[in-house]
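Some notes on the structure that comes next.
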Amino acid sequence: MSSDVLMLIHDGLVPSVSGEWLDVVNPATEQVEARVPHAGADDVNRAVASAREAADRGPWRRLTPAERGRLLFRLAELVEKHSESLALLDTQDMGKPYAHSRQHDVPGVVDLLRFYAGFCDKGRGSEIPLGPDKHVYVRREPVGVVAGILPWNFPLSAAAQKLAPAVACGNTVVLKPAEQSPRSTLRLAELCMEAGFPAGVVNVLTGLGETTGSLLVAHPAIDKISFTGSTAVGRLVMKAAAEHIHKVTLELGGKTANIVFPDAPVESAVSYALLTSCYNSGQVCTSGSRLLLHRSLHDEFMEKLVRSMNELKVGDPMQPDTRLGPLVSHEQWQRVQSYVEWGKQRYTPTICGYRSEPLDRGFFVNPTVFDHVDAGCRIAQEEIFGPVLSVIDFTDEQEALRIANETRYGLATSIWTADLRRAHRMAAAADSGIVWINCNNYWNTAIPYEGHRASGIGADMGLEAVESYTRLKSVIVNLDDTPNAWATNN
Ligand code: NAD
C-alpha cells in the first residue's frame, strides 16, 4: 500500500500548494510505493524565501562554525542510527540491491557528514602582507542560498554531497531530489530537523525536473546552483544560471575508458572490469563502459570476464545475493534497450548474468557485452547508463590514449599496468578529472572530483568543494592617515 510523504519547507512537512502529487514507483515490482508532492511556483517561492531569510537574518548566521559542526556530527549519528530504513528507501525507489545501499551507500554518507562536520571550524581566510601602512585580508564567506539538484543513481549520497559542504560553509539549501528517488532526501531533511538545524537552513522540494527543477534554478533569490545529472540537463541549468549570474557547479555524464595493458595484474583487472561495468546496474557516472584491451591479452581477458559476469545474479534487490537490481525506471530501461538493439544490428552481443527466478515484472537488464567495437560508434561514445560494455582493441599506448580521450566526456579514466612510468605518462595525458591506476571506482570524501569538458564544471567533494560553496571578500585597511598623493598633487 502506498503512502504520502511530505516535503520540508522552513520547519514543517507540507504538501504542495496546488495539491498535486507524483507517484514513486518501485522499479523491481512496478508498484507505486508512495506519493510525494509536486512542487509548483508557490512552493518554490516559499522554500527559497525561507532559505533566504535563514541565510540573511536567522539564528543560523549567528552560530559559530563549531556549532555548525556539532549539528552535522549529530546528523551523522542519526543517519547511522537509521541506516536500515534509509538504505531501504533507496532500494525501493531506484532498485539498487539493499546489501549495497546498506553496506556502502549509507556508511559512505555517515563518513561524508563527519568529514565536513570536522571541517566546519577549520576554514581559513588569508592575509596579504603589503607593507606597514596596509592591512589586507581575504575573507571566505558563504555564498548564501544553494539550490541542489540531484540525480537518482545514488539518491542519499548525492543529497549528502550537496548538503554537507554547503551547510559546513554556512549556507542554506533547497534540495530537489530526482522524481524517481525522492524519499531518502526527504528523510535526511527530517533528520536535519531532529538534529536541531534552525528553520529554513534545509528545505526539500519534490517534483519533476522540467517544472519544479527549472523553477528553482531560475529563481532570482538563490545564489548558487549545484547540479548533478545528465549533460543535456546541465546545459539547461547553465543557461538558467546565466540569467541572474548564479554561481554554478555541474557534475555531469561520463564514458570512462578502462584501459588494460599486457603487463596488468589480470585477475584484479578482470574483477574491477566487472565492478565498473555492472555495479549499480551500470548506472554510475564513472562506469567503465569502454573496456580498452591490448590485443595480446584480449582473448584470455574476455574469457575470464565473461565467465565472471555469468556469475552475477540479476533479480530482486532485497535478496542478499543479488548483484544487479532493476534499472531505475521504464524510461531508463527503454533507453538502455535501444542502445542494445542498436548494438545488435552491428555486433554479436554476449548476454551475461543469470536469473534464479523468472522476472515478469520490473525493469531488469542482464549485463551485455559487445566485443571488437569501433571506438567511434554510438555505443562507444554515448553514455548508456546501464550494464552494457563496449570492448575496444588497441595496439600501443598512443592508440589507447587517443581512443580514451576521443569522447566529449572527461570524467574518469582507469589504467592497468605494472609499468610505473607508463602509468604516470598516461595519467598526465588522460583528459579526465579522475585517473585510477590499477583500480577504479574508488571513492573517498577527501578526494575531489571535477569533470573535464562535457562532464562538468567545478569540483565536488574534498576540501576543494569548500571553494565552490564560498565566495571571497578582500578587505583593504589603510593604517596610515596621510592624505592621498594624487589628490593633493604631491
Ligand atoms: P537528469 O539530468 O535527467 O536529472 C537530474 C536532475 O535534474 C533531476 O533531479 C531532474 O529532475 C532535474 N532536472 C531535469 N530537468 C531539469 C531542468 N530543466 N531544470 C532543472 N532541473 C532539471 O539525470 P539523471 O537521469 O537523474 O541522472 C543520470 C545522469 O547523472 C547521468 O548522466 C550521470 O552520468 C549523471 N551523474 C553524474 C555524476 C557526477 O558526479 N558527474 C554523478 C551521478 C550522476
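Points to keep in mind about this one:
- Boolean, V248 is touching a residue at least 60 places away in the same chain (Cβ under 8 Å), in a strand (DSSP E or B) and within 15 Å of the ligand (Cβ to nearest atom): yes
- Residue check: S414 meets all listed conditions (1) closer than 22 Å to S277 by Cβ; (2) among the polar types (S, T, N, Q); (3) within 16 Å of the chain's Cα centre (by Cα); (4) modelled with pLDDT of 95 or more but one, namely (3).
- Residue identified as under 30 Å from V143 (Cβ atoms), in contact with a helix residue (DSSP H, G or I) (Cβ under 7 Å, 6 or more places away or on another chain) and of a type in the set (A, V, I, L, M) among A34, A51, A41: A41
- Pairs, first under 22 Å from W443 (Cβ atoms) in segment 279-305, second within 12 Å of the ligand (Cβ to nearest atom) and basic (K, R), C-beta under 8 Å, six or more apart: S289/K255; R290/K255
- A single entry from V174, V136, V167, V143 fulfils the requirement of being within 16 Å of the ligand (Cβ to nearest atom) and of a type in the set (V, I, T): V174.
- Among residues of segment 1-56 being among the hydroxyl-bearing types (S, T, Y) and within 29 Å of E331 (Cα to Cα), the one that is surrounded by the most Cβ atoms within 10 Å (Cβ to Cβ) is S16.
- Residues that are surrounded by 24 or more Cβ atoms within 10 Å (Cβ to Cβ) and within 26 Å of R235 (Cβ to Cβ), drawn from segment 195-218: N203, V204, L205, T206, G207, T212, G213, L216, V217
- Leading residue by the ranking (nearest to the ligand (Cβ to nearest atom)) among those in segment 111-125 that are surrounded by fewer than 19 Cβ atoms within 10 Å (Cβ to Cβ) and modelled with pLDDT of 95 or more: D111
- Sole exception among (1) away from the ligand (no atom under 16 Å from the Cβ); (2) of a type outside the set (V, I, T); (3) modelled with pLDDT under 95 for R425, by number: (3)
- Residue check, A264 surrounded by fewer than 24 Cβ atoms within 10 Å (Cβ to Cβ), part of a loop (DSSP other than H, G, I, E, B), away from the ligand (no atom under 12 Å from the Cβ) and modelled with pLDDT of 95 or more: yes
- Identification of helices (runs of 4 or more DSSP H) wholly contained in segment 1-104 with 2 or more residues that are farther than 30 Å from P320 by Cα yields 41-56, 65-81.
- Residue match in segment 225-235 (condition: closer than 19 Å to L411 by Cβ, more than 12 Å from the ligand (Cβ to nearest atom) and at pLDDT 95 or above): no
- Some residue of segment 321-329 being modelled with pLDDT of 95 or more and either part of a helix (DSSP H, G or I) or more than 24 Å from the chain's Cα centre (by Cα) (or both): yes
- Criterion: in contact (Cβ under 8 Å) with a residue 24 or more places away in the chain and within 20 Å of the chain's Cα centre (by Cα) - qualifying residue of L150, L236, L215: L150
- Residue check for N203: within 16 Å of the ligand (Cβ to nearest atom), over 14 Å from the mean Cα position of the chain (by Cα) and farther than 29 Å from S287 by Cα: yes
- Some residue of segment 355-367 being polar (S, T, N, Q) and either part of a helix (DSSP H, G or I) or surrounded by 14 or more Cβ atoms within 10 Å (Cβ to Cβ) (or both): yes
- Boolean, E243 is more than 14 Å from the ligand (Cβ to nearest atom), farther than 26 Å from L72 by Cβ and assigned to a helix (DSSP H, G or I): no
- Every test in (1) surrounded by 24 or more Cβ atoms within 10 Å (Cβ to Cβ); (2) assigned to a loop (DSSP other than H, G, I, E, B); (3) charged (D, E, K, R) is passed by E179 save one, and that test is (1).
The values are calculated or read from the model by the stated rules, or taken from the named source; none is laboratory data. This is a predicted model, so every value here is computed, not measured. Methodologically, a virtual Cβ is constructed for each residue, glycine included, from the backbone with ideal geometry; neighbour enumeration extends over all protein chains shown.
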